[in-house]
């Protein structure tokens with residue numbers, strides 16, 4: 001419960017879990033948990049949409065990545081029950097809705113990476129892909145997938 005306590009202390013709250021029809025939010029294989037992509041939605045139901053570089057500032061993109069990581073952790077908690085079961089964050093795939101030209105997708109995605117490192121320390125350091133995309137679903141600012149190892 002230490003990770004969850006830190007999230008509360010930071011004033012961060014995950015948006016409600018996403019209802020899925022023909023797919024799932026998380027899937028476990030051995031000690032790996034694969035999380036479907038999440039977006040920057042907030043507990044009040046609002047979302048952050050638009051292209052980073054024109055509609056949104058770099059700082060707003062960073063915050064969107066941070067909130068998306070919080071939402072991934074909310075899905076993970078729903079799936080495994082206790083976020084302290086995570087022994088390693090393995091991989092993030094970050095897809096940023098970018099304007100042309102915008103070249104700092106890596107910096108935007110640091111919003112998620114920095115939060116995971118802050119919460120888990122060395123266990124939060126991970127591999128990552130940070131790509132810019134032109135036409136995400138719903139014009140969302142970012143979508144992130146995550147893979148973790150659990151005990």
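The table below lists the values:
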| item | result |
| --- | --- |
| The range 48-66: number of residues that are out of contact with any helix residue (DSSP H, G or I) (no Cβ under 7 Å at 6 or more places or on another chain) and farther than 10 Å from residue 142 by Cα | 7 |
| Leading residue by the ranking (surrounded by the fewest Cβ atoms within 10 Å (Cβ to Cβ)) among those in the range 76-113 that are closer than 20 Å to residue 49 by Cβ and within 12 Å of the chain's Cα centre (by Cα) | 93 |
| Residues of the range 124-148 that turn out to be within 18 Å of residue 67 (Cβ to Cβ) and modelled with pLDDT under 95, as a count | 3 |
| Conditions (1) over 11 Å from the mean Cα position of the chain (by Cα); (2) modelled with pLDDT of 95 or more; number of the one not met by residue 22 | (2) |
| Residue check, residue 68 closer than 17 Å to residue 6 by Cα, at pLDDT 95 or above and not in a helix (DSSP H, G or I) | no |
| Residue list for the range 101-151, restricted to those being assigned to a loop (DSSP other than H, G, I, E, B) and either closer than 19 Å to residue 77 by Cβ or touching a residue at least 40 places away in the same chain (Cβ under 8 Å) (or both) | 101, 102, 104, 126, 136, 141, 151 |
| Test result for residue 69, in contact (Cβ under 8 Å) with a residue 24 or more places away in the chain and under 11 Å from the mean Cα position of the chain (by Cα) | yes |
| Positions within the range 126-150 being loosely packed, with under 14 Cβ neighbours inside 10 Å and in contact with a helix residue (DSSP H, G or I) (Cβ under 8 Å, 6 or more places away or on another chain), in sequence order | 131 |
| Enumeration of residues in the range 25-37 that are at pLDDT 95 or above, surrounded by 12 or more Cβ atoms within 10 Å (Cβ to Cβ) and part of a loop (DSSP other than H, G, I, E, B) | 31 |
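The values are calculated or read from the model by the stated rules, or taken from the named source; none is laboratory data. The structure presented is a predicted model; accordingly, all values stated were derived computationally and were not measured. All Cβ positions, even for glycine, are placed from backbone atoms using ideal geometry, and neighbour counts span all protein chains on display.
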